[in-house]
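Q: After the structure tokens below, expect a handful of questions from me.
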Amino acid sequence: MATYKIALFPGDGTGPEVLREGLKVVKAAADKFGFSIDTTEFDFGGDRYLRTGEILPDSAIEEFKKFDAIYLGAIGHPDVKPGILEKGILLKTRFALDQYINLRPVKLYPGVETPIKDKGPEHIDFVVVRENSEDVYTGLGGNMREGTPHEVASQLMIYTRNGVDRCLRYAFECARKRNKAKTLTLCGKTNVLTYVFGLWERAFHEMGEKEFPDIKRDYAHVDATTMWMVKNPEWFDVIVTANLFGDIITDLGAMIQGGMGIAAGGNINPKGVSMFEPIGGSAPKYTGLNVINPLACIFAGQMLLDHIGETTAALAIEDACVSYLKSDKNVGLSAKEIKDGGSSTTKIGDIIADLVSNS
Ligand code: IPM
Ligand code: MN
């Protein structure tokens, strides 16, 4: 029987609560489909930082390398200055493990409300492949004369041919594997950021022509992309984009698929250790109330299993989530709806785990 080593990283706020439910469902799938999960928990996050001053030591990164995947709850603490944990934990892990893809499915499930009038599950089903290792996120730049009227600051949008190529290749393969519209849309800003997106555009067409003639190539500026995502989301199959643009458009993506309570993502190194997470953050005001929606984390678990090769189990989790969402047990995705509807974080996890076990 296959055993997978999974590093659990509950993190801050409601992270531990949603991860508990995600793990419950993943374990139900493991039992059902005949594999096992061997977990080790890491307690890095805001609380530990406030207690000990330690953020994420290099030794933890070395430890992570021994796992098949990392399953993250959430990072972000109200008493820690913004930037410290984001950079010190999330970005450090992404960079140190070279998780150069940030994969974010945008899929509207039946039973979930979208704020877009007249759009349903048949219109909203695409994937954003966000580059995850370059761009302004490299931190190159600096400032001088800080705090004076003559202050100068820069933060450089850096791209390398190799970094662009490996991201494009993943995105083309993703479009091929989905086997839907077989269309890859490059989202950029070729009309202004001519150097960076000139590189992206050339690499995109060269690779497409040579290696992926079966995939249709499309292009949209990032500003127009936000417009089409709302007006005509059905136009998209796979979107490939730069790190910062991807960060921005995937929050919009999360909203059109029903909100942060449902959106999951993966930080992927196709040949290394990848990390899966609900993208909504730690929602500290709901900590310990058992009202936060665990679905996003459950979907992150689905992505994790799919990534490690347990595709049947992953599909069973998705099907269980769909059954739950369509059922009258689904009282809504927000903490308020979950509370007012008499449901809870643990209840939702139990229902979905049972659905997986009985699938
Ligand atoms: C995300 C987050 C992170 C990002 C932050 C917290 C560093 O917004 O995962 O989208 O900008 O990538
Ligand atoms: Mn973001």
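Q: Starting at the first residue of the range 337-345, write each ³J(HN,Hα) from the Karplus equation 6.51 cos²θ - 1.76 cosθ + 1.60 with θ = phi - 60°, in whole Hz, x for Gly and Pro.
A: 5, 5, 5, 5, x, x, 9, 7, 4
Q: In addition: Distance cut-off 22 Å, Cα to Cα: go down the list K180/K326; K66/K92; K5/K107; K87/K339; K32/K271 and report the pairs above it.
A: Working: K180/K326 24 Å; K66/K92 17 Å; K5/K107 28 Å; K87/K339 33 Å; K32/K271 27 Å.
Beyond 22 Å: K180/K326; K5/K107; K87/K339; K32/K271.
Q: Distance in nm between label sites at I61 and D251, each 7 Å beyond Cα in the beta-carbon direction?
A: 2.7 nm
Q: 5 Å is the cut-off here: which amide hydrogens, built 1.01 Å from N in the peptide plane, fall below it relative to V106, excluding neighbours closer than 5 in sequence?
A: Excluding prolines and chain starts, which carry no amide H, the hits are F126, V127, V128.
Q: Then there's this: Name the shape class, rounded, prolate or oblate, that the alpha-carbon gyration tensor gives for the range 290-359, where a ≥ b ≥ c are the square roots of its eigenvalues, rounded holds for a/c under 1.5, and otherwise prolate holds if a/b is larger than b/c and oblate otherwise.
A: On the way: a/c = 2.62, a/b = 1.85, b/c = 1.42.
Prolate, because a/c is 1.5 or more and a/b exceeds b/c.
Q: Sticking with this one: Can you list the HN-Hα couplings for the range 207-218, worked out from phi with the Karplus curve (6.51, -1.76, 1.60; θ = phi - 60°), rounded to whole Hz and with x for Gly and Pro?
A: Coupling constants for the range 207-218: 5, x, 4, 6, 10, 10, x, 7, 9, 6, 9, 9 Hz.
Q: Based on the Cβ-Cβ distance from M227 to I84, what FRET efficiency comes out when R0 is 35 Å, to the nearest 0.05? Please report the intermediate quantities before stating the final value.
A: Numbers: r = 35 Å, r/R0 = 1.00.
About 0.50, to the nearest 0.05.
Q: Now, a different point. How large is the direction-averaged shadow of the alpha-carbon convex hull of the range 200-319, in nm²? Walk me through the numbers on the way to the answer.
A: Working: hull surface 39.2 nm².
Averaged projected hull area, Cα only: 9.8 nm².
Q: In Å, what is the Rg of the alpha-carbon atoms in the range 203-265, and how long is Dmax?
A: 13.3, 40
Q: 5 Å is the cut-off here: which amide hydrogens, built 1.01 Å from N in the peptide plane, fall below it relative to H221, excluding neighbours closer than 5 in sequence?
A: So H221 has HN proximity to G188.
Q: Give a residue-ordered list of calculated ³J(HN,Hα) values for the range 28-45 (Karplus: 6.51 cos²θ - 1.76 cosθ + 1.60, θ = phi - 60°; whole Hz; x for Gly, Pro).
A: With the stated coefficients, the range 28-45 comes to 4, 5, 4, 4, 5, 9, x, 9, 10, 10, 10, 9, 10, 9, 10, 9, 5, x Hz.
Q: Longest segment of the chain with no GluC sites (Glu not before Pro) in a DSSP loop having at most 10 other Cβ atoms within 10 Å? Before the final figure, lay out each step's value.
A: Numbers: sites that count: E113, E122, E146, E151.
That gives 152-359 as the longest site-free run.
Q: Let me ask you something else. Show me the three semi-axes of the equivalent ellipsoid for the chain, from the C-alpha gyration tensor (sqrt of 5 times each eigenvalue), largest first, rounded to whole Å. Write down the numbers at each step before the final one.
A: Numbers: eigenvalues 188, 135, 87 Å².
Equivalent ellipsoid semi-axes, largest first: 31, 26, 21 Å.
Q: How far apart, in nanometres, would the label points at D165 and A96 be if each is projected 7 angstrom from Cα along the Cα-to-Cβ direction?
A: 2.9 nm
Q: Another question, if that's okay. Grab the beta carbon distance between S334 and I158, set R0 = 41 Å, and tell me the FRET efficiency rounded to 0.05.
A: On the way: r = 39 Å, r/R0 = 0.94.
Rounded to the nearest 0.05, the efficiency is 0.60.
Q: Residues of the range 62-86 with backbone nitrogen within less than 20 Å of a virtual label 7 Å along the Cα-to-Cβ line of E146, please, listed as ranges.
A: It comes to 80-86, nothing else.
Q: Here's a follow-up. Can you grab the distance from the C-alpha centre of the range 224-286 to the C-alpha centre of the range 1-36, Å, no decimals?
A: So the separation of the two Cα centres works out to 22 Å.
Q: Let me ask something else about it. If amide hydrogens are placed 1.01 Å from N in the peptide plane, which non-local residues have theirs closer than 5 Å to the one on I292?
A: T345
Q: Here's something else I'd like to know. With no solvent and one equal point scatterer per Cα, compute the Debye intensity ratio I(q)/I(0) for the range 114-255 at 0.20 Å⁻¹ and report its log10, rounded to two decimals.
A: Listed by q, the Debye log ratios stand at -1.19.
Taken together, the values in this text are just the output of simple stated rules run on the coordinates, not laboratory data. What you see is a predicted model; the values in this text were computed from it and never measured. Glycine also receives a Cβ, built like all others from the backbone with ideal geometry; neighbour counts cover every protein chain displayed.
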